[in-house]
Each structure stands twice: as C-alpha cells, then as structure tokens.
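So that we are looking at the same thing, I have put the structure below in structure tokens.
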Number of protein chains: 4
Amino acid sequence: MAHLTILIHCKDQKGIIASVTNFILENEGNTTYIDQHVDAVANVFFMRLECVFEQADFNTAKFKTAFKEKLATPFEMQWQLYPATQKLKMAIFVSKYDHCLYDILGRYNAGELNVDIPFIISNHNDLAHIAANFDIPFYHIPVTKDTKAAAEQEQLKLLKAHQVDFIVLARYMQIVTPTVINEFPYRIINIHHSFLPAFVGAKPYHAAFARGVKIIGTTSHYVTEELDAGPIIEQDTIRVTHSHTIPDLIAKGRDLEKIVLSRAIKLHAQHKCFVYSNKTIIFT
Amino acid sequence: MAHLTILIHCKDQKGIIASVTNFILENEGNTTYIDQHVDAVANVFFMRLECVFEQADFNTAKFKTAFKEKLATPFEMQWQLYPATQKLKMAIFVSKYDHCLYDILGRYNAGELNVDIPFIISNHNDLAHIAANFDIPFYHIPVTKDTKAAAEQEQLKLLKAHQVDFIVLARYMQIVTPTVINEFPYRIINIHHSFLPAFVGAKPYHAAFARGVKIIGTTSHYVTEELDAGPIIEQDTIRVTHSHTIPDLIAKGRDLEKIVLSRAIKLHAQHKCFVYSNKTIIFT
Amino acid sequence: MAHLTILIHCKDQKGIIASVTNFILENEGNTTYIDQHVDAVANVFFMRLECVFEQADFNTAKFKTAFKEKLATPFEMQWQLYPATQKLKMAIFVSKYDHCLYDILGRYNAGELNVDIPFIISNHNDLAHIAANFDIPFYHIPVTKDTKAAAEQEQLKLLKAHQVDFIVLARYMQIVTPTVINEFPYRIINIHHSFLPAFVGAKPYHAAFARGVKIIGTTSHYVTEELDAGPIIEQDTIRVTHSHTIPDLIAKGRDLEKIVLSRAIKLHAQHKCFVYSNKTIIFT
Amino acid sequence: MAHLTILIHCKDQKGIIASVTNFILENEGNTTYIDQHVDAVANVFFMRLECVFEQADFNTAKFKTAFKEKLATPFEMQWQLYPATQKLKMAIFVSKYDHCLYDILGRYNAGELNVDIPFIISNHNDLAHIAANFDIPFYHIPVTKDTKAAAEQEQLKLLKAHQVDFIVLARYMQIVTPTVINEFPYRIINIHHSFLPAFVGAKPYHAAFARGVKIIGTTSHYVTEELDAGPIIEQDTIRVTHSHTIPDLIAKGRDLEKIVLSRAIKLHAQHKCFVYSNKTIIFT
C-alpha cells in the first residue's frame, strides 16, 4: 500500500488530467485529491495530485518508471513524486529572537507539522536551552565577517550529514550566501518582517513607522540571491495606529511572524507550494 | 463548441475522477478545471468540473445522454450540467434599505456578476428610482399580514413568468414563507446582519450591542423554513468597540452586508456553492 | 448653545489638558470628549476636544478671542476651532469608474457622511447620470495635455465659488498639479489602489500580480506634490491567490477602494485626521 | 516622583475632566494621557488617566486622601489608583494544552507583559517541564468531582499567600466555582474557543463544524457564575472552509486562542479594561 503526492507541470495541453488519473486507475490506484492551475499567459499547466494504492505489493519504483514512460515523457512533464509516509527533514536556523522558535517547536510537539527536525543551528548560544527543553540537537556556529565562509561550510556539512530537505530561517538575522542557497534552491524559507515588497532590507518596522502606515505586515518567502525578492509563500497584516511606537510595532509584528512562518512551513512540508517564475502556486 | 460546468456527487468510490475526465477526453473535450471534496464521515464524493469542447458540431444534449448512461447511472451520481453561456436569472427582493441594492446593481453594471436581472420586487416604493436609474423593471407588491398570501402568489407569478433561477433578498425585511421557499429550494439567498448562529432573528445589532461583543459579523445563507438556520454561504466580520452606538454598528454592518451578499451571489451564479446536509461546499 | 470641536498642537508641556478643560469650564462649557497624543521624539502635544456650551447667548467669536489670549498665545499653540453645526463642503472628482462614486453618494444619502456636496467634476461625461440620480450638480471639464492648465483654472473657479473645504479624488485618474494642491494643502484625499508604499504609481494591480503577493491593499492619503507619498489616512488589505488574474485583483480591489475612501472621508469630515510631519494622527 | 493610573466612573456631569486634570496640576503633576467614555443610556462617565509627578517628595497616600476629599466625594465617584511601578501578580491555571502557556511565558520573557507570575497551577502534571524551563513554580493540584472543593481551597490558599491580583485560565478545562470567582470578581480571565455568544459550552469547534460556519472565533472574557456569559474583553476570528476537519479547526483555533488571550492579559495588566453592566470598556 502507498499514499503518493505527485506534482506536475508542463505545457498546457488537452487530456492531461484524464491521462494521469486514468493511469493511476489502471495501476489499481485511486485519485483522492487533485488541484490544478493554468498560467494562461505562459501557457503552463500545474497539478498536485494525491493517490492511494491499496494493494499490499505496490511497487513505487516500478510505478515511477511507468509514469515516466507513459506520461512524463510524452507530455514533456517536469514532475516530482513523494510518498506521504516520508516526512521532510527541516533544519532551523535561529539567532537570538525566540518567538518563532517557540512557536515552531510548540506546533511540532502538538503534531501540527509533518516534519522531522534533525537540529537547530544558531550563531549565538542564547536559545540552546529551548532546544534542550524540546530535546532537539543544537549547534552553535558563530558567524563573523571573517568566519562566515567557514561557518557556512560547517552548516553545509551538518545539512548534508542529516540529509536535510529544507531550511527555515526563524529570524536568523544573517544574510545567507549563494554558497548555501545554491544547495537548497527554493528550499530555504525566510520570514521577513514587512509586507513585501514594501520595506525591503533591514529595520522594516522603523521604515514603516517613518512612513506612517496604518497596517503592518509580514512575509514568508523562499530565499534567493536578491535580498527579500524571492517567491512569496504567505503574508499577513495587522492594523496599527499613530500611537504605536517602534517597540509596539515590533511586538505586534512578532505575532504575525510566528503565524506566517508556520503557515509557510506547513505548505512546504505538504508539497503544496510550487515555485514558478519567481512566484508561488499554493495548492489547496 | 461548448464550455460546460458539471457538478457531481455520489458515494465515494474508486475511479470517479479518472472515469469522468476520461469520458470528456473520449468526447474530444478537455477538462480545464476540477475541484473535489470528500465528506469522510458521510462517505460522499463531490466534484465541480469545467470542460471545453472545441468541435463546431458539439451536441450538448447527446453528451448529456451519454454522460448519464456511461457515468451517472453506473456510479449512481446526482449531477447537474450548466453551459457557461447560460446566465442565471436573478430576481432581487428589497424593502427600504438601498445599500445592498446599489452595491449589487453597481457590480452588475461593472460586469462583475454573471447573471441577468429580470426585475426587482419590493413591498415599498422607495427604491423604484434606483431600479429606473439602472433600467431594471420594478414591481411594487405591498405586503401586510392580510395580503401576504396574495402577495406571494403575485411574486410567484412574476418569478415563473420570467423563469427566474434564484432570488436574492437584499435586506427584504419580510419573512418568506414555504409557499415561495418550496418553489426555490436552496435558491433564495438572504443576508442576515449577524455572525450566525449568534443573534438569530430580529434586531441582531441591538443584541450584539447588549452582549458587548468586540466584533460584529454578517452571514449570507440559503433560506430554509427554519429562520436564519439555512446553509451558510459566506460570512465576514469587523471589529467594533464599546464606543460604538447601535447606529454605529448598523453603519459598520452595512459595509459587511454589501460585500458578503455579493460574494454569495457570485458563488451561486458560478455554480460554486453546493448544499449538502444543511452546509455548503464552496468550490474554488 | 454651541457644540465645538477644537484641535490643538504645541510643544509638549505641563498643564495643557488642565488649562484647556478648565478654560472651557470657566466659560460654562463642558468637555464631552478628549483625545490626545504626544509625539515623544519631536516633543509635540496634539489634542482633539469636543465641548458643549448650553447657554443660549454663547458667543463663539468672543470665545475664540479669549481662547487665543488665555491659551493659544501663552502655550504657543497652533489651533483650529469648528462648530459642529458647520458641515464641510466636499467636492468630488471622478473619471470613468463609478464604484467609489456610488458608494460615497449612497452613504451621503443614508446620512453617514457629515458633509455637503456642492458638485461633482469629471473629465468625462460617463457618470453624469449618477450625479443626476442623486440630484448633485455635475461639471464636465475635459482634460488633455494641452488644456490641463486651463482645466485646473476652471476647477479652481468652481471650488472657490462654492467655498469648497476639501476635495475627494474618487478614482479621478489624473495627476493633480501644485496649482490645485497648493490651494488645498492636506485637503485633497486620494485613493490609491495599492498597499503603499508598495506599488507606487500607475497600474499597481499589474505590479502586485507580477510580484506574486498573497495580499493586496488600498491606501487613502492626502495628495502632496510627490506622487503617492502624502500622509496616509487609512489602509486596508484583502487576501488573493495565484489563481486570481489581474481583472480579479481589480474587482477585489474595488471593494477595498470604496470602503477605505469612505472611511478617510468620514475622518476628515469630523476633523479626526491631523497631519504632522507627513504622517497622520487619527483621533478616536 | 510617581507615575499614576487613575480609573474613575460616576454619573455624567459637567466639569469632571477639568476638575480632575486641574487637581493634578495643582498638585504639581501633569496629565500625560486621558481617555474617557460616556454611556449615554445609563448616563455614566468613565475615565482612565495617567499622570506624572516629578517632585522627589511626592506622597501618593496624601494625594489619595486629597483626591477623595476634593473630587471623589463631591462627584460621587467610584475610583481606583495604581502606581505604574506596581506590577500585578498573575497566576496561571493550565490543564494539558500547552500552546497558551508557551505563548504567555514567551511574551513574559520578552518583556511584553507587565506582570509578575508567582506560580502556575495545574490539575495535571504534564506541563511541569515548561514551568521549569521558564523558572516558574508549578503546583500540581489534581481535581476530581469529589476533591474539587478541597482543591479550590488549596488554590485559594496559594492565591492569597502570594497576594495574586488576577488569574488567567490558559485552557484550564475545569469549571471554576463561585468559591473562587467571588474572591476574584472580574479578575479571572478565560479564553473560550468560540466567537461568543455563538457556541457556548463544551466542544465549540465540533458545534462550529456541525453548523458549517465559514469563520471561527475565540473570545477572552471575565469569568462569572453564568458559563461563558461574562464580560467580553477581546475576540478575534479566522476563515475556515468546508474542507477543514474538526482537528483542522482546533489547530487553527489555537493560533487565535494564544493571541486573543495575550491581548486580554495586557489590557487587564495595564488597567485598560473596565467592567460595567456585564460589558467592558477598553481604554486606548
């Protein structure tokens, strides 16, 4: 028996849904969920599909080979296939702020997040006690201008040793360089404390205060080389007034950051977030 | 050529999506949109599907006959099929409040609502000038306790003469009786000015004020015999404070009523709102 | 008898509230509402106060003279005083979009807006019928590159002849030049269809679509010489998804535009919106 | 030097604001914040005021005596006075759910909550490790039907020994009886996981699911004898769809519960939440 999630994209053309669902049926499986999107401008078809094979001797490898031959090749599909039993391995990078970390680990404990967390990395030691409280290995890798390259190598070593699937920057406060980004394309999730594209860069709450906005926001996005310009996964906003000081904005923002980051993690962990053309398609 | 929307529900079973999309493909059509839901408790499968047949000589009647024979009967489906070109006919019932009426007609003029509006009925004459401004026939059918039964007959006569598909009570302020409801099951949309099931019945803003809530809401639902207890289509809420008087709540509520009612109308007009077990499934 | 609204700002210093409220009491008046704000960085005190004088022979002019001598001069206040009976005169500028105009006039009819509307100006004739339906004079003043200067003179002539207090650009779609702005400093309210400062300038919904944001917004602000950079009065946001096309964003945005603009109008009409340092203080 | 918060309510009458602010000025103090509300129906005036006395030898006791004589008695005020330096003592009652507890303690650590937390009480031992991680005493007081009266006596003993000011039921899951309520009138804050008054009582997420609502909510309120009927402090809501199962609603609701409860705690700790006639006035 197997429960599979399949992601597909290819040139929009006739018969894709029918062909794929029929192929699953022919393999004695059942399609239990399907969501698709067509980018009408680029003429690209996207689909996320879940299917169940109840036969005891179902062979995923064989299914993949047949899928490639019968569907992926003729339709010229890009595709990925994930067994539902296979949890993604998520590394967490933090710095000194604890609110996102507590939130993520609280949800993890409550069974809300379908991931394994092999370790937490931090450039400071401040949050080691939280990792300990939740029984998660904690690696303190200090970062200075001079040691940054070496620190990233150390990070990569850990990431590879634990076969990490994606990284969450839970208010990590350090620029991640292409050295790491290129190893995890669209697999590093950041939380930026503004409603992007407003207030890119450092100190967005200060900038929001200066502009006198009536609403502040938070954005979770994939990290790309261009700062705060990667594909947006999730955003949320909250009202503020002239009476809020910068520390008030920061405190209000923390509530958004926690929730928006966790929503992004869930979407990624369930393979519901697909990147195309520097934007995301969020499957239901 | 034809663009069809098909709604299906039946016992959940293997192969429904594959069979339906394959049937469409065999008929030289293409499935362009699909959304489905499974009620795991009741074991019922629901699907909304859009498909396009580009052949000049496509025959919808023949397709329906074949659909019934090949799919609906073997799978024991309940199903409906709507050509996209066929706009629903929507009658509007109003009383004296004009905000929902202006909002609906403004959207109608802007091309936001995919409906025809054959007429507006009111128990008062106050809003006749709005109907005139938008060039829509207006029928003044007064309702008193004694004339209610006769008034409803007059309403039904108009509704049938114009082959009305569904009715929108845009703050109509009169109880609609089973005489009309039974002719339009799940096809009468009401806007109730509270966050149902809180504050059922008359004067919900007064009740909200008395309870000291910090948020008020609005609910659009299908009208059933039990007052304010029909399937909920759409809801929204807005914050209030202790400083808001009842007239303030009423004014704030008007903004919600307009928007929530219009969203419900759009969902119904696009066949995206399916009633099951006194709840709605809202297709994307 | 008189009901007055007083706005004050001055260097923050001891005893302002006590001195002002006591002065009102000495003049046999009662302070019925007070809201204040201190800009701690700039060390400026702001206050909005409502007071009632029940005596039949209350003389506002005499009160103003005394207020100036006893309070404004010693405390070096900037101040304004408005009798509650004196409605502001609001001119509306429109172009071809009707949704904001319908919304404003609907609220005006419902008694929601405490203003007089002497006229509507448009560079097109399309919305003349709406003005007529609401019995409001409509002036068609076409604007081309070559006639812009002359058109603005014509606008100013009307604005002055009717002693207009403030202007609402209800999706006017034309840049207003300093010729008009300087005559109405912080008294021209615009609605910009983005969550400023994101997507300044033309076609913000197109830009939002291109960036792949998950939330769109709308901003009402005072018009200043720098485009879309004036003090923000009110903002609101709504969720969108990858499945929304640009026309979908435009339709969703219309709902925000109507509501956000009307909220800004109400704040201005009640003298609750005070500009300082290119930001607004919104009194409760 | 002293920074005081004063809460007043009395029959609405002329000159209250002037008299109070003037009295503060005469005592060489400065009013730095004022917010007031008039319940026009009950004819009651409410005010919250902050004032600063910079003199080194300011005597709060003497000020109170004079306040009583010069203001409270003649105006027949009910009043309270709190020095800003005096943090309230907040006891937390929990059961097995940890999300609200983590959230409160995280904010407490971040300096967001202006309270002291002398201890946590629980009827289970499950969350003792969290208390330990945050260095807060934890008392396990089991509650069964038979031991409830004794358990409440033990709770009261602890509450009195630590001079607790107010109690937070952070998903405590037990009915608190009048034995405890009467010792802490309007000083026990509960979080109810529905948008009250909808879904009073047990299993509100199940009830929300059954009714098919499109939005769920959470309510923080003061505990009174009548279940879930006490004065509402704060509420918030979030959208849900037909596709959310009951566990989904519970997970989504957790996010609301955390935030709404924390907001209520902050309001109470800052004396910004005033109860009158089973409703709250929330000062800004």
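Out of the residues in segment A:1-52 meeting the condition of being among the polar types (S, T, N, Q) and within 8 Å of another protein chain (Cβ to nearest Cβ), tell me which one is surrounded by the most Cβ atoms within 10 Å (Cβ to Cβ). Working first, answer last.
Here is the first cut: in segment A:1-52, the ones among the polar types (S, T, N, Q) are A:5, A:13, A:19, A:21-22, A:27, A:30-32, A:36, A:43.
With the extra rule that they be within 8 Å of another protein chain (Cβ to nearest Cβ), the set shrinks to A:19, A:21-22, A:30-32, A:36.
Numbers: A:19: 19, A:21: 27, A:22: 21, A:30: 19, A:31: 25, A:32: 17, A:36: 22.
Result: A:21.
From A:230, A:212, A:217, which residue is more than 16 Å from the chain's Cα centre (by Cα), crowded, with 19+ Cβ neighbours inside 10 Å and under 22 Å from residue A:103 (Cβ atoms)?
Numbers: A:230 fails: more than 16 Å from the chain's Cα centre (by Cα); A:212 fails: under 22 Å from residue A:103 (Cβ atoms).
Sole residue among the options that is more than 16 Å from the chain's Cα centre (by Cα), crowded, with 19+ Cβ neighbours inside 10 Å and under 22 Å from residue A:103 (Cβ atoms): A:217.
May I ask you to list the residues in segment C:170-198 that are within 22 Å of residue C:103 (Cα to Cα) and part of a loop (DSSP other than H, G, I, E, B)?
Looking only at segment C:170-198, we keep the residues that are within 22 Å of residue C:103 (Cα to Cα), and these are C:170-174, C:187-195.
Selection gives C:170, C:171, C:172, C:173, C:174, C:187, C:193, C:194, C:195.
Condition (residue is within 30 Å of residue A:20 (Cβ to Cβ) and in contact with a Pro (Cβ under 9 Å, 6 or more places away or on another chain)) applied to segment A:147-170: is it met by at least one residue?
yes
Looking at residue B:111, is it within 26 Å of residue C:107 (Cα to Cα), surrounded by 14 or more Cβ atoms within 10 Å (Cβ to Cβ) and modelled with pLDDT under 95?
Against the criterion (within 26 Å of residue C:107 (Cα to Cα), surrounded by 14 or more Cβ atoms within 10 Å (Cβ to Cβ) and modelled with pLDDT under 95), residue B:111 does not qualify.
Any residue in segment A:1-20 that's more than 13 Å from residue B:23 (Cα to Cα): show its pairings with residues that are of a type in the set (D, E, K, R) and surrounded by fewer than 18 Cβ atoms within 10 Å (Cβ to Cβ) at Cβ separation under 6 Å, as long as the two are six or more apart or on different chains.
Close Cβ pairs satisfying both conditions: A:1/A:54; A:10/A:76.
Looking at segment B:253-281 only, could you name the residues that are part of a strand (DSSP E or B) and within 11 Å of the chain's Cα centre (by Cα)? Outline the logic, then answer.
We begin by selecting, within segment B:253-281, every residue part of a strand (DSSP E or B); these are B:273-276, B:279-281.
Scanning segment B:253-281 gives B:273, B:274, B:275, B:280.
Does any residue in segment D:269-284 that is more than 9 Å from chain B (Cβ to nearest Cβ) and at pLDDT 95 or above come within less than 7 Å, Cβ to Cβ, of a residue that is part of a helix (DSSP H, G or I) and crowded, with 18+ Cβ neighbours inside 10 Å six or more places away or on a different chain, and which pairs are these?
D:273/D:267
Considering segment B:220-254 alone, what residues qualify as being within 17 Å of residue B:189 (Cβ to Cβ), in contact with a Ser or Thr (Cβ under 7 Å, 6 or more places away or on another chain) and small (Gly, Ala, Ser)?
The first filter runs over segment B:220-254 and keeps only residues within 17 Å of residue B:189 (Cβ to Cβ), leaving B:220-236.
Next cut, in contact with a Ser or Thr (Cβ under 7 Å, 6 or more places away or on another chain) only: B:230-236.
Result: B:230, single match.
Residue check, residue D:225 against (1) more than 11 Å from chain B (Cβ to nearest Cβ); (2) surrounded by 19 or more Cβ atoms within 10 Å (Cβ to Cβ); (3) not in a helix (DSSP H, G or I), all met but one. Which one?
In the conditions (1) more than 11 Å from chain B (Cβ to nearest Cβ); (2) surrounded by 19 or more Cβ atoms within 10 Å (Cβ to Cβ); (3) not in a helix (DSSP H, G or I), residue D:225 misses (2) alone.
Could you please find all residues in segment D:114-169 being in contact with a His (Cβ under 9 Å, 6 or more places away or on another chain), polar (S, T, N, Q) and outside any strand (DSSP E or B)?
D:123, D:125, D:133, listed by residue number.
Inspect segment B:72-87 for any residue being under 30 Å from residue B:176 (Cα atoms), within 14 Å of chain C (Cβ to nearest Cβ) and touching a strand residue (DSSP E or B) at 6+ places or on another chain (Cβ under 8 Å) and give the result as yes or no.
Checked segment B:72-87: no residue is under 30 Å from residue B:176 (Cα atoms), within 14 Å of chain C (Cβ to nearest Cβ) and touching a strand residue (DSSP E or B) at 6+ places or on another chain (Cβ under 8 Å).
Here are D:134, D:93, D:119: which of them is closer than 26 Å to residue A:256 by Cβ, crowded, with 18+ Cβ neighbours inside 10 Å and either hydrophobic (A, V, I, L, M, F, W, C) or not assigned by TED's automatic domain parsing to the domain that holds residue D:254 (or both)? Don't jump to the end; show me each part of the working.
Numbers: D:93 fails: closer than 26 Å to residue A:256 by Cβ; D:119 fails: closer than 26 Å to residue A:256 by Cβ.
Testing whether each residue is closer than 26 Å to residue A:256 by Cβ, crowded, with 18+ Cβ neighbours inside 10 Å and either hydrophobic (A, V, I, L, M, F, W, C) or not assigned by TED's automatic domain parsing to the domain that holds residue D:254 (or both) leaves just D:134.
Something else: If we scan segment B:202-219, do we find a residue that is part of a strand (DSSP E or B), of a type outside the set (Val, Ile, Thr), in contact with a strand residue (DSSP E or B) (Cβ under 8 Å, 6 or more places away or on another chain) and more than 14 Å from chain D (Cβ to nearest Cβ)?
Quick first cut of segment B:202-219, residues part of a strand (DSSP E or B) only: B:215-219.
From what's left, of a type outside the set (Val, Ile, Thr): B:217.
Going one step further and asking which of them are in contact with a strand residue (DSSP E or B) (Cβ under 8 Å, 6 or more places away or on another chain), we end up with B:217.
Filter once more, so that each one left must be more than 14 Å from chain D (Cβ to nearest Cβ): none.
No - not one qualifying residue is present in segment B:202-219.
On to the next question. For segment D:88-112, how many residues meet the condition of being on the phi < 0 side of the Ramachandran plot and within 14 Å of chain A (Cβ to nearest Cβ)? Let's see the steps before the verdict.
Restricting attention to segment D:88-112, the residues satisfying the condition of being on the phi < 0 side of the Ramachandran plot are D:88-110, D:112.
If we keep only those that are within 14 Å of chain A (Cβ to nearest Cβ) as well, we get D:94, D:96-110, D:112.
Number of matching residues: 17.
Return the pair list, or none, for Cβ contacts closer than 9 Å from residues in segment A:64-77 that are over 12 Å from residue A:13 (Cβ atoms) and among the small types (Gly, Ala, Ser) to residues that are assigned to a helix (DSSP H, G or I) and at pLDDT 95 or above, at least 6 apart or on different chains.
A:66/A:23
Let me ask something else. If you go through segment B:66-87 one residue at a time, do you hit one that is surrounded by fewer than 18 Cβ atoms within 10 Å (Cβ to Cβ), under 30 Å from residue C:98 (Cα atoms) and of a type in the set (D, E, K, R)?
Yes - at least one qualifying residue is present in segment B:66-87.
Between residues in segment C:199-228 that are free of Cβ contacts under 8 Å to residues at least 24 places away in the same chain and over 16 Å from residue C:174 (Cα atoms) and residues that are of a type in the set (Gly, Ala, Ser) and part of a helix (DSSP H, G or I), which pairs lie under 7 Å by C-beta distance while being six or more apart or on different chains?
C:199/C:207; C:199/C:208
Look through segment B:137-184, keep the residues that are in contact (Cβ under 8 Å) with a residue 24 or more places away in the chain and of a type in the set (Gly, Ala, Ser), and return whichever of them is surrounded by the fewest Cβ atoms within 10 Å (Cβ to Cβ).
Among residues in segment B:137-184 that are in contact (Cβ under 8 Å) with a residue 24 or more places away in the chain and of a type in the set (Gly, Ala, Ser), the one surrounded by the fewest Cβ atoms within 10 Å (Cβ to Cβ) is B:149.
Let me ask something else. Looking at segment A:236-252, which of the residues that are assigned to a loop (DSSP other than H, G, I, E, B) and at the interface with another protein chain (Cβ under 7 Å from one of its Cβ atoms) is nearest to the chain's Cα centre (by Cα)? Steps first, please.
Step one: of segment A:236-252, the residues assigned to a loop (DSSP other than H, G, I, E, B) are A:240-245.
Still in the list and also at the interface with another protein chain (Cβ under 7 Å from one of its Cβ atoms): A:241-243.
On the way: A:241: 32, A:242: 34, A:243: 35 Å.
By that ranking, first place goes to A:241.
Pull up segment B:39-52, narrow it to residues that are among the hydrophobic types (A, V, I, L, M, F, W, C) and modelled with pLDDT of 95 or more, then point me to the one that is farthest from residue B:79 (Cα to Cα).
Here is the first cut: in segment B:39-52, the ones among the hydrophobic types (A, V, I, L, M, F, W, C) are B:40-42, B:44-47, B:49, B:51-52.
Okay, now just the ones that are also modelled with pLDDT of 95 or more, so B:44-47, B:49, B:51-52.
Values: B:44: 13, B:45: 12, B:46: 10, B:47: 9, B:49: 11, B:51: 15, B:52: 18 Å.
Step by step, filter segment B:39-52, then rank; the result is B:52.
Could you grab me the full set of residues in segment B:233-267 that are surrounded by 20 or more Cβ atoms within 10 Å (Cβ to Cβ) and polar (S, T, N, Q)?
Hits for segment B:233-267 are B:235, B:237, B:262.
The values are calculated or read from the model by the stated rules, or taken from the named source; none is laboratory data. Predicted model, so just to flag it, every value in this text is computed and none were measured. No Cβ is skipped: glycine too gets one built from the backbone with ideal geometry, and neighbour counts run over all protein chains shown.
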